[in-house]
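Notes for the one structure printed next.
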Amino acid sequence: MSERPGALLDISGLNTNYGKISILRDVSLSVNAGEVVALLGLNGAGKTTTMRSILGLTPPRSGSIRFEGASIEGWPAYKVARLGVGYVPEGRRMFKDLTTLENLQLAETGRSGDWTIARVLEHLPKLAELRGRKAGRLSGGEQEMLAIGRALVSNPRLLLVDEPSQGLAPLVVEEVYRILGELKGRGVAILLVEQNALLALKIADRAYVLDSGKIVYAGSAAELRADRERVRTLMGLSDVVA
Ligand code: ATP
């Protein structure tokens, strides 16, 4: 099993099943400190399963997952989170009856660091405006920002962001990606899952493409973005929209 020295996250030979069904097959990928890495693929390719495997929500059957050098495969999710892995899940998953501020406060029990609630509200002023509003009454875009803010207050070294553009209007998507770009500028590493390949490739340094649980592309994001034909082949025509 290869080990990439210096990688923040280093996954090697990962196999994950749901029951008897094999989903991830020999997946290897890495994320370096401060890097944005896109994880692309069609519906059902195994992108969310990869994130769930890292987080300990669906423990892998075999393979290694190292985070800052520690072997974390099979660790419970709370321990992975404490080590510095933040999660912005698909569908956002807020406590809908709690306010924006209360959702942030619940997440604050993690690691201490620069990202206090006050700092998150300063960087995401929309959330400051909405601090007293119940999360269930926020728009999709506002919920996405809250999901990002909630992950930030645990001061992650790595953010796993799953389909942030899902169901959002183009202008809101732009705003969400502006925020992700700003986080990148502040040195937060991001593993970014997107259906919309070209959108993710705009801010990614490197990219992986999953197909039926296998990595079929690993390389530069710029190179992949420049080769639309390749994106079409790898991702299917309908996904080339950005
Ligand atoms: P999407 O963009 O649709 O979320 P994805 O690439 O994230 O796609 P996964 O959610 O990782 O794909 O799903 C990979 C495969 O695993 C799919 O075939 C899916 O049907 C299956 N799967 C996902 N969750 C479960 C589960 N809890 N039990 C059984 N099979 C599952």
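The values are calculated or read from the model by the stated rules, or taken from the named source; none is laboratory data. Bear in mind that the values here come from a model prediction, so they are computed numbers and not experimental data. Counting neighbours? That spans all protein chains shown, and the Cβs are built from the backbone with ideal geometry, glycine included. Accessible surface is based on the protein model in full, side chains and every heavy atom, while ligands, DNA and RNA are left aside. Shrake-Rupley method; radii C 1.70, N 1.55, O 1.52, S 1.80 Å.
Candidates in the range 108-140 are the residues that are outside any loop (DSSP other than H, G, I, E, B) and small (Gly, Ala, Ser); of these, the one that is surrounded by the fewest Cβ atoms within 10 Å (Cβ to Cβ) is ALA118.
Residues that are at positive phi, at pLDDT below 90 and assigned to a loop (DSSP other than H, G, I, E, B): does the range 51-62 have at least one? Checked the range 51-62: no residue is at positive phi, at pLDDT below 90 and assigned to a loop (DSSP other than H, G, I, E, B).
Taking into account only those residues within the range 212-242 that are in a strand (DSSP E or B) and buried (at least 16 other Cβ atoms within 10 Å of the Cβ), which is modelled with the lowest pLDDT?
Going through the qualifying residues, I end up with TYR217.
Of all residues in the range 94-101, none are surrounded by 15 or more Cβ atoms within 10 Å (Cβ to Cβ), touching a Gly at 6+ places or on another chain (Cβ under 7 Å), part of a strand (DSSP E or B) and at pLDDT 95 or above. Are any of the residues in the range 198-209 open to solvent by 10 Å² or more (accessible area, probe 1.4 Å), out of contact with any Cys (no Cβ under 9 Å at 6 or more places or on another chain), more than 26 Å from GLY56 (Cα to Cα) and of a type in the set (A, V, I, L, M)? Within the range 198-209 (the criterion being open to solvent by 10 Å² or more (accessible area, probe 1.4 Å), out of contact with any Cys (no Cβ under 9 Å at 6 or more places or on another chain), more than 26 Å from GLY56 (Cα to Cα) and of a type in the set (A, V, I, L, M)), the answer is yes, since at least one residue qualifies. Looking across the range 66-80, the residues that are more than 16 Å from the ligand (Cβ to nearest atom) and closer than 23 Å to GLY113 by Cβ come down to ARG66, PHE67, GLU68, GLY69, ALA70, ILE72, TRP75, PRO76, TYR78, LYS79, VAL80. Look at (1) open to solvent by 20 Å² or more (accessible area, probe 1.4 Å); (2) within 16 Å of the ligand (Cβ to nearest atom); (3) of a type outside the set (D, E, K, R); (4) under 23 Å from GLU182 (Cα atoms) and you find that VAL88 fails only one, number (1). Would you call LEU168 in a loop (DSSP other than H, G, I, E, B) and either at pLDDT 90 or above or within 16 Å of the ligand (Cβ to nearest atom) (or both)? Answer is yes for this residue.
Considering the conditions (1) assigned to a strand (DSSP E or B); (2) surrounded by fewer than 19 Cβ atoms within 10 Å (Cβ to Cβ); (3) not small (Gly, Ala, Ser), LEU160 is excluded by exactly one of them, (2). Out of all the residues in the range 22-39, which are within 11 Å of the ligand (Cβ to nearest atom) and out of contact with any helix residue (DSSP H, G or I) (no Cβ under 8 Å at 6 or more places or on another chain)? Within the range 22-39, SER22 is the sole residue that qualifies. Filtering LEU83, LEU57, LEU42 for residues that are surrounded by fewer than 23 Cβ atoms within 10 Å (Cβ to Cβ), in contact (Cβ under 8 Å) with a residue 12 or more places away in the chain and more than 15 Å from the ligand (Cβ to nearest atom) leaves a single hit, LEU83.
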